[in-house]
Amino acid sequence: MEHTSRLERIIRIVLVALILIFFLFPIFWIFLMSFQTNEDILRIPPSPFFTPTISNYQALITGKLVSAAGTLDIPFMRNLWNSVLLSSVSVVIALILGVPAAYAFARFKFRLGEDIAFTLLSFRFAPPLLVLLPLSLYFQEIGLTDTYAGLIWVYQLIALPLILWIVRGYFEDISPDIEYAYRIGGHSWWRTFTRIAVPLAGPGIAAAGLLAFIFCWNNFVFALILASADKQPVTVGSLAFVTASGIQYGQIAAAIVLSVTPTLAIALYAQRYLVEGLSLGAVKG
Amino acid sequence: MTAETIQAPRRRRKTKLLPYLLSLPALLVCVGILIPFVTAVYYSMLRFRLNLPAMKGFIWFDNYINFLSDSEFWNTVRVSLLYTGLTVGVELVFGLAIAMLLQKQTRFNNLASILLLLPLMTAPALAALMWKLMTNPNFGVLSYLVQLAGVSDFKWASAPSTALFTVVLVDVWVYTPFIMILLLAGLRSLPRQPFEAAALDGVPRRFVFFRITLPMLAPYMITATLFRLLDSIQQFDIIYSMTQGGPGNTLLVFQVRSYLEFYQYTNVAKSAALLVILWAITYALSNIFIKQWLKLRERARGSA
């Protein structure tokens, strides 16, 4: 490996550059489009040089799209708010439920423990529609259709398994001796859990929470089936927006940019933990 | 002292119950979801259309038997397998190649591998919309570039002959980084000695790759592949937001087909039967997966 020739080094750099272009160009291009007027977008040949405008973002933020055909209401800000609400509340609930469970699986060898853990993991792999379609009929009967509560409940299927298996790994990495020492000092189990175990696994818990947030945010099919327009997150909302105003390309691009920015920012911030999180703790980053 | 001895048995029972108490809430939240699962299996054995409630009746396995002679069903099986095979195959080769290019820990390589995470963190449904804008026949930059390269009449997702290519491309764009980062972590965790010994002995690099790198990386590749197989055979987001399963029936994979069966044709029973078949496939796959994943996890924990 030390004997890399100059030619090989150049080839490597060219290849990596091509790869980066392939994977980053779409994001870059949509970002440019979001600052273009429709005339700029429709111009042939497409050009990265234009006078940027913020009118697309203005239209999205004010919720009013003024065009020759009249004024169109865009509920996109509502979708963005729904995404924030659904993802963050789901993750907080999943953390409250998941962290103690993860601790139980990591510290105690109890009957049915592994079975319960695997049942929870298996939810990660079942086809979502199998559960969602009958669930949509049940939700109609019990009045949970199109409610935040119903959606947040179903979102637990995304967030809980993730948090459970990642956080469990972090608890297993902490030596139980520290906890025993604290217990012998006369402290209750609960104090040991909240004062010693949780702070020590803190970075892991934070990483699992952020990843779960990304997964909830990026989810599409749950809300597509269980939510109507005013409860939909950005993933479903953007598609509806495309169908409703198929020709406002600049606004569509701006909506996409606003929708992906939070997850991309979190990903860059927490990238150290992503490998471990994505493989549910099977591969150390 | 006496208080302590009296309390002891009670405390022991408490610690015995404790793990159940801790994991129960999480389980209960998810068990509610098992009910619809059982319902789906039951629906799949009914004659049940939402628009014809009077016809509802129990018909055992007729829905499944009807699939055997249903060419639409076999089309769904074919498209799903093709989609899965193509995406996972391309992503594995591509992901491995990129991981090997970025293996050396330089600042540039680390930055590149971080930037490659961005597609993976984009919602697949939104990624499909991004590509839809770029392949628009009127102004899409990719349509323009393809034309510039001399291919006229390339219609991307709107023509049956290229629709599969287009959605596979989007899938590759989103998920290759997943395989890449798993394999990169794997490559960087491999012991150095075999590679140093091979370099000392002047072993050809192709030999090193096939006889040392690949076998040692195999557990990581299997885990990554199974992960992707499980997701890819269930793909919905990309295909649905790109073409809704069209044009015609070219992209009607399992989940898209059952979604349309449910909402467009209101045929609840048929939709459920399709999903139960898909579930059986994923269940078999996930059993293999979990065994493999546990092995790798054990190793990661052991070396920590």
Exercise. Give me the number: length gained by fully extending residue B:195 to residue B:212, i.e. 0.36 nm times residue separation minus the C-alpha to C-alpha distance, one decimal in nm.
Key: 5.4 nm
Practice problem: Please arrange A:168, B:297, A:6 by counting, for each residue, the other beta carbons lying within 10 Å of its beta carbon, fewest first. | Solution: A:6, B:297, A:168
Quiz item: If you count, for each residue, the other Cβ atoms within 10 Å and average over each peptide, how do A:76-83, A:56-63 line up from highest to lowest?
Solution: A:76-83, A:56-63
Quiz item: Listed here are the pairs A:231/B:155; A:284/B:16; A:109/B:295; B:132/B:270; A:284/B:104; A:64/A:231; which of them are more than 27 Å apart at the Cα?
Solution: A:231/B:155; A:284/B:16; B:132/B:270
Quiz item: Out of A:102, A:259, A:188, whose Cα points farthest toward the positive end of the dipole of the protein assembly as shown (charges: +1 Lys, Arg; -1 Asp, Glu; placed on Cβ)?
Solution: A:188
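Highest mean first, how do B:79-91, B:233-245, B:58-70 rank when packing is the count of other Cβ atoms within 10 Å averaged over residues? Show your work: numbers first, answer last.
Numbers: B:79-91: 19.4, B:233-245: 24.2, B:58-70: 12.9.
So the peptides B:79-91, B:233-245, B:58-70, ranked by packing, come out B:233-245, B:79-91, B:58-70.
Under a Cβ-only charge scheme (Lys and Arg +1, Asp and Glu -1), can you give me the dipole magnitude of segment B:5-143 about the Cα centre, in debye to the nearest 20?
Working: 13 positive and 4 negative charges, 243 e Å.
The dipole magnitude comes to about 1160 debye.
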Quiz item: How well do other chains shield peptide B:36-42, expressed as the mean number of their Cβ atoms within 10 Å of each residue Cβ?
Solution: 5
Self-check item: Scaled radius of gyration (Cα, divided by 2.2 N^0.38 Å) that chain B gives
Solution: 1.31
Quiz item: Separation between the residue B:34 and residue B:72 pseudo-spin-labels, each 7 Å from Cα along Cα→Cβ, expressed in nm?
Solution: 3.4
Exercise. Kindly provide log₁₀ I(q)/I(0) values, in the same order as q = 0.15, 0.18 Å⁻¹, from the Debye equation applied to equal alpha-carbon scatterers of segment A:89-133.
Key: -0.50, -0.68
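I need A:216, B:30 ordered by Cβ neighbour count within 10 Å, fewest first. Walk me through the intermediate numbers first.
Working: A:216 26, B:30 21.
So the residues, fewest neighbours to most, are B:30, A:216.
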Quiz item: Fewest first, what order do B:148, B:183 take by the number of other Cβ atoms within 10 Å?
Solution: B:148, B:183
Exercise. May I ask for the Rg/Rh ratio of segment B:13-72, computed from Cα atoms with Rh as the Kirkwood radius, given to two decimals?
Key: 1.32
Quiz prompt | Theoretical FRET efficiency, 1/(1+(r/R0)^6), r = Cβ-Cβ of residue A:141 and residue A:11, R0 60 Å, to 0.05 | solution = 0.45
Practice problem: Project the alpha carbons of segment A:1-113 onto their principal axes and report the range along each, largest first, in whole Å. | Solution: 67, 60, 18
Exercise. Scan chain B and note any complete DSSP helix (H) whose C-alpha atoms cover at least 27 Å along its axis and whose Kyte-Doolittle average is -1.0 or more.
Key: B:2-31, B:71-101, B:160-189, B:268-302
Practice problem: Shielding by partners for A:24-30, please: the mean number of other protein chain Cβ atoms within 10 Å of each residue's Cβ. | Solution: 6
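What does the charge count around residue B:218 come to, taking other residues whose C-beta lies under 14 Å from its C-beta (Lys +1, Arg +1, Asp -1, Glu -1)? If you can, show how the numbers build up before the last one.
Numbers: positive: B:211, B:295, B:299; negative: none.
In short, +3.
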Quiz item: Which listed residue (B:162, B:181, B:246) has the Cα farthest towards the positive end of the charge dipole for chain B, taking +1 on Lys and Arg C-beta and -1 on Asp and Glu C-beta about the Cα centre?
Solution: B:181
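Given C-alpha coordinates of the protein assembly as shown, what is the ratio Rg to Rh with the Kirkwood estimate of Rh? Write out the running numbers ahead of the final one.
Numbers: Rg = 25.7 Å, Rh = 26.0 Å.
That ratio is 0.99, to two decimals.
Helix-only mean residue ellipticity at 222 nm, chain B, DSSP H runs n ≥ 4 weighted -39,500 (n - 2.57), per residue, nearest 500. What is it?
Working: 15 runs with 224 residues, N = 304.
Only helices count here, giving -24000 deg cm²/dmol.
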Quiz item: Gain in length, residue B:16 to residue B:62, computed as 0.36 nm per residue apart minus the alpha-carbon separation, to one decimal in nm?
Solution: 11.7 nm
Quiz item: So what's Rg/Rh here for segment A:76-278, counting alpha carbon atoms and using the Kirkwood radius for Rh?
Solution: 1.05
Quiz prompt | Partner chain coverage, peptide B:284-294 - average Cβ within 10 angstrom | solution = 2
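Can you compute the equivalent ellipsoid semi-axes for segment A:100-187, i.e. the square root of 5 times each eigenvalue of the Cα gyration tensor, sorted largest first and rounded to whole Å?
On the way: eigenvalues 250, 42, 23 Å².
Value: 35, 15, 11 Å, ordered largest first.
About its Cα centre, what dipole magnitude does the protein assembly as shown give when the only charges are +1 on Lys and Arg Cβ and -1 on Asp and Glu Cβ, stated in debye to the nearest 20? Kindly include the intermediate steps, with their values, before the conclusion.
Working: 44 positive and 28 negative charges, 349 e Å.
With Lys and Arg at +1 and Asp and Glu at -1, about 1680 debye.
Every read-out reported here was derived from the displayed coordinates using simple, explicitly stated rules and does not represent laboratory data. These numbers were taken from a predicted model, which means no experiment stands behind them. Glycine gets a Cβ as well: all are built from the backbone with ideal geometry, and neighbour counts include every protein chain shown.
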